[in-house]
């Protein structure tokens, strides 16, 4: 059962955050992504969060990002990499979207430059119309 009412209460708190995080491309943060519709990726836990990789800084308030998972998945919709030693992460490329900086909470780490370039290349291929 979806927890839309609980997420709505958290979303109200997220929207009133006044601290603006100075984020950069390649960084990974815990982000309040919420309880979403259908097969869209949801957050987990009481704050509906999950790791999100910052792909492109659009301005000081918006970025294009990709949610991450620890579940290993293959195929053109996903990119697997190692964020921490001996821990695989999967970028859910098919779930990439624009996020507001207010959703960001705590910085987790930064993806290696080579992996970031490979991920962007795979994302570009996925979005090629």
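All of the numbers you see were taken from the coordinates with simple rules; none came from a lab. A quick note: this is a predicted structure, and the numbers were derived from the prediction, not measured.
Under the shape rule built on the C-alpha gyration tensor, where the axes satisfy a ≥ b ≥ c, the stretch 4-127 is prolate, since a/c reaches at least 1.5 and a/b is greater than b/c.
Who wins for biggest fluctuation among 72, 50, 26 in a Gaussian network model of the chain, springs between alpha carbons below 10 Å? Maximum fluctuation in the GNM of the chain, among the listed residues, is at 72.
Once the Cα atoms are used to define both axes, helix 113-127 deviates from the longest principal axis of the chain by about 80 degrees.
From helices alone, the chain scores -6500 deg cm²/dmol at 222 nm; the rule is -39500 (n - 2.57) for each run of n ≥ 4 DSSP H residues, then divide by the residue total.
If you run the Gaussian network model on the chain, springs between alpha carbon atoms under 10 Å, then out of 115, 59, 36 the most flexible one is 59. Largest GNM mean-square fluctuation among 98, 33, 46, using the chain with Cα springs under 10 Å: 46.
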